[in-house]
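The values are calculated or read from the model by the stated rules, or taken from the named source; none is laboratory data. Predicted model only: the values in this text are computed from it and were never measured. Methodologically, a virtual Cβ is constructed for each residue, glycine included, from the backbone with ideal geometry; neighbour enumeration extends over all protein chains shown. Side chains included, ligands, DNA and RNA excluded: accessible areas come from the protein's heavy atoms. Shrake-Rupley method; radii C 1.70, N 1.55, O 1.52, S 1.80 Å.
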Amino acid sequence: MRGLRGRVAVVTGGGRGIGAAVCRRLAEEGAAVAVLDLDAKPAEQVAGTLPEAGAYAADVGDPAQVEDVVRRVLARHGRIDILVPCAGVMRGAPVTEMTDRAWTEVLTSHLTGSFTAVRAVTPAMIAQRHGRIVLISSIAARGIADHVNYGTAKAGIAGMTRSLALELGPRGITVNAVAPGFIATRMTREGAERRGRTWEEHAERAAEGTALRRIGTPEDVAAVVAFLASADAGYVTGQVIHVSGDP
Amino acid sequence: MTEFRGAVAVVTGAGSGIGHGVATALAARGARVVAVDLDPPAEPGIHTVTADVTSADDVRRVFAAADDLGGPDLLVNAAGIAVASPLLEHTEDDWDRVLAVNLKGSFLCLREAARTMTARRKGCVVNVSSIVSIIASPTPEIAYDASKGGVSQLTRSAAAELGPHGVRVNAVAPGPVPTALYGTPTGAVPGNIPLGRLGTVEDIVAPILFLCSSAAAWITGHVLVVDGGRVLR
Ligand SMILES: NC(=O)c1ccc[n+]([C@@H]2O[C@H](COP(=O)([O-])OP(=O)(O)OC[C@H]3O[C@@H](n4cnc5c(N)ncnc54)[C@H](O)[C@@H]3O)[C@@H](O)[C@H]2O)c1
Ligand SMILES: NC(=O)c1ccc[n+]([C@@H]2O[C@H](COP(=O)([O-])OP(=O)(O)OC[C@H]3O[C@@H](n4cnc5c(N)ncnc54)[C@H](O)[C@@H]3O)[C@@H](O)[C@H]2O)c1
């Protein structure tokens, strides 16, 4: 399974959780991976275990920082084939108590962060006439109480996926998204804390809510991202694939 | 290329087009394939069964053969027919035949497969729906479109019911792919496909194999559209 040999991938939020699993999986398939995260340390920890990988510290909420990373990746590798923007935060609160800051942080990290990364890498992909963009939506795009910021951002990602697929298809670029269900990461561990539940209790409830009766792992999501980045998905574009153990 | 080594795979409609592509690709990756069609051509290394998927007796015979090999691990429901004619010219017989092959046939095979799969607490089914379960077909084929709408919902409902028993059920929804069913493409590539080309059998086979694989272990009840972006237009 070295189907991505010679490919170069940029993964934001690659320092931990789903992003880190995506970095590992893409590297396993042969890609050189640029691991971008807020702080250098977690990015270096992930990149350090992978051949040809590099670590880049940047805030995806700042377009100049993202553009600078993309310039450095292009200088090093000469191309960018795959973009997977996984960076983002959750800031839940009932709508009556949601602060401007919580709204902005979520919309900025997920939506603006994905848009800025897409805008930065597409000139190279267009020039190559090859590109694979895999965005991260969520089953929360269907609606999620006490997280109107997050539900809005993830539904926005679905719209971004379809709009970009239409626009970039004729340029040889496919654009798809995965919509994960409940995955064991720090994001969901913090959710357990917020609700005053133990992790076991929280995870078990989530598992019971799925047809396959288990929660997901970052690797479950990464495997689907790798498919969408591969030649096997060459005719798939504009799709949001649910990776949630449930219809 | 050994992902499916030892797996027993039942593939319907395996005599032609997408089903044929799936059967040969699974066999090449180590699966023991039971290839089902009305009149399946002999293929080296592939176990063929002549059967009509609209007949419950035939379908039982197919799965008895799969059980003899150790039980079905995979089922791909690719048998299908289409009748293209305006609604006012669609006969009752057209409607019955199309619904029988595409929808009832998928149900009968799913039910027989599920007997063994739920008992063994493992298994994976991939149905072949179509983008005309989402958008109206550009040329009228009302029974076909309705049958594919049924196949997509069969997929979701079966996934919800069989998931707790360890069985995944998904579908692909292909766009236009030149095969015997589709006919010979005429004229220029439709301008309404963002990727700028018609699909190929390989384009559809690879996502079907993905859904059958461990990479899709946490995907169930999903109808994966494979159409070069056609439904976006
Ligand atoms: N965990 C789940 O159940 C789940 C479900 C559906 C979707 N998702 C989505 O998957 C993605 C990854 O989530 P996760 O669960 O791995 O979360 P996580 O919190 O474990 O990881 C997120 C990473 O993004 C980084 N990050 C956050 N803001 C950033 C910024 N402004 N600039 C650069 N990096 C930033 C963090 O430092 C962290 O390394 C997110 O888009 C999330 O919404 C997660
Ligand atoms: N080709 C396309 O553009 C396209 C698009 C979307 C969906 N599909 C679907 O893909 C599937 C495969 O179609 P294809 O394009 O490969 O067509 P095809 O005509 O090449 O193959 C279909 C096969 O099904 C077999 N079959 C028909 N009735 C049967 C029955 N009662 N019992 C057993 N076998 C039977 C046929 O003999 C044939 O070998 C069908 O479900 C079709 O609806 C095709």
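Could you please report the charge total around A:Gly131, scoring K, R as +1 and D, E as -1 over all other residues with beta-carbon less than 11 angstrom from its beta-carbon? Before the final figure, lay out the partial values.
Details: positive: A:Arg7, A:Arg79, A:Arg129, A:Arg132, A:Arg171; negative: A:Asp81.
Net charge in that neighbourhood comes out at +4.
I need to check one value: relative contact order of region A:138-208, counting alpha carbon pairs closer than 8 Å and at least 6 residues apart, in percent.
23
Given a 1.4 Å probe and every protein chain left where it sits, what share in percent of the accessible area of region A:93-159 is carbon and sulfur? Working shown, then result.
Values: 1730 of 2890 Å².
Of the solvent-accessible surface of region A:93-159, carbon and sulfur hold 60 percent.
For chain B, what is the per residue volume of the convex hull drawn over the alpha-carbon atoms, in cubic angstrom? Numbers along the way, then the final one.
Values: hull volume 28.1 nm³, N = 233.
Here the figure is 121 Å³ per residue.
How big is chain A on each of its three principal axes, counting only the C-alpha atoms and giving the largest first in Å?
Largest first, chain A extends 48, 38, 37 Å along its Cα principal axes.
Under a GNM of chain B (C-alpha, springs under 10 Å), which listed residue has the highest mean-square fluctuation: B:Val59, B:Val189, B:Val128?
Comparing B:Val59, B:Val189, B:Val128 in a Gaussian network model of chain B, the most mobile one is B:Val189.
Could you work out, residue by residue across B:60-71, how many beta carbons of other chains sit within 10 Å of that residue's beta carbon, and then give the average as an integer?
Numbers: counts 0, 0, 0, 0, 0, 0, 0, 0, 0, 0, 0, 0.
Mean inter-chain Cβ contacts per residue within 10 Å come to 0.
Which residues belonging to region B:135-173 lose at least 50 Å² of 1.4 Å-probe accessible area when the assembly is complete, relative to their chain isolated?
B:Pro164
What's the magnitude of the charge dipole for region B:8-232 around its Cα centre, counting Lys and Arg as +1 and Asp and Glu as -1 at the beta-carbon? Answer in Debye, nearest 20.
920
Heavy-atom accessible area per residue, chain A, 1.4 Å probe: how many Å²? Could the numbers behind the result be given before it?
Numbers: 10230 Å² over 247 residues.
Each residue of chain A exposes 41 Å² on average to a 1.4 Å probe.
Need one value for B:204-217: mean number of C-beta atoms belonging to other chains within 10 Å of its residues' C-beta atoms. Walk me through the numbers on the way to the answer.
Working: counts 1, 1, 8, 9, 0, 2, 10, 2, 0, 3, 2, 12, 6, 10.
Partner Cβ neighbours, averaged per residue: 5.
Give me D for region B:161-233 in µm² s⁻¹, whole number, from Stokes-Einstein with Rh from the Kirkwood sum over alpha-carbon pairs, 37 °C and 0.692 mPa s. Don't jump to the answer; show the numbers that get you there.
Values: Rh = 13.8 Å.
In µm²/s, the coefficient is 238.
At a Cα cut-off below 12 Å, give the aspartates and glutamates reachable from B:Lys122, other chains included and same-chain residues fewer than 8 away excluded.
B:Asp73
Around A:Arg91, what is the net charge, scoring Lys/Arg as +1 and Asp/Glu as -1 over all other residues with Cβ under 13 Å from its Cβ?
-3
With unit charges on the beta carbons (Lys and Arg positive, Asp and Glu negative) and the dipole taken about the Cα centre of the protein assembly as shown, which residue among B:Trp218, A:Ala20, B:Leu198 sits farthest to the positive side?
A:Ala20
At a probe radius of 1.4 Å, figure out the A/B buried accessible area, summed over both chains, and give it in Å² to the nearest 100.
Details: alone 11590 and 10670 Å², together 19510 Å².
The A and B chains share an interface burying roughly 2700 Å².
Using a 1.4 Å probe, what is the accessible area per residue for region B:100-233, in Å²?
35
Assuming a ≥ b ≥ c are the square roots of the Cα gyration tensor eigenvalues, decide whether region A:1-105 counts as rounded (a/c under 1.5), prolate (otherwise, with a/b larger than b/c) or oblate. Walk me through the intermediate numbers first.
Values: a/c = 2.48, a/b = 1.89, b/c = 1.31.
The shape class here is prolate.
Report the dimensions of the protein assembly as shown along its three principal axes from the alpha-carbon atoms, largest first, rounded to Å.
Principal-axis extents of the Cα atoms in the protein assembly as shown, largest first: 63, 54, 45 Å.
Which one, A:Gly61, A:Gly234, A:Gly19, has the greatest fluctuation when you compute a Gaussian network model over chain A with C-alpha springs under 10 angstrom?
Its mean-square fluctuation being the largest, the pick is A:Gly234.
Pairing the Cα long axis of helix B:201-212 with the longest principal axis of chain B, what angle in degrees results, from 0 to 90 and rounded to the nearest 10?
Roughly 40 degrees between the two axes.
Within 10 Å, count the other beta carbons around each residue, average over each peptide in B:172-185, B:103-116, B:81-94, and list them highest first. Can you show the working numbers first?
Values: B:172-185: 17.8, B:103-116: 21.4, B:81-94: 13.0.
Listed from highest to lowest mean packing, they are B:103-116, B:172-185, B:81-94.
To the nearest 10 square angstrom, how much accessible area does A:Arg194 have with a 1.4 angstrom probe?
Rounded to the nearest 10, the figure is 120 Å².
At 1.4 Å probe size, with the rest of the protein present, what percent of the exposed accessible area of region B:1-143 is carbon and sulfur atoms?
Carbon and sulfur atoms account for 55 percent of the accessible area of region B:1-143.
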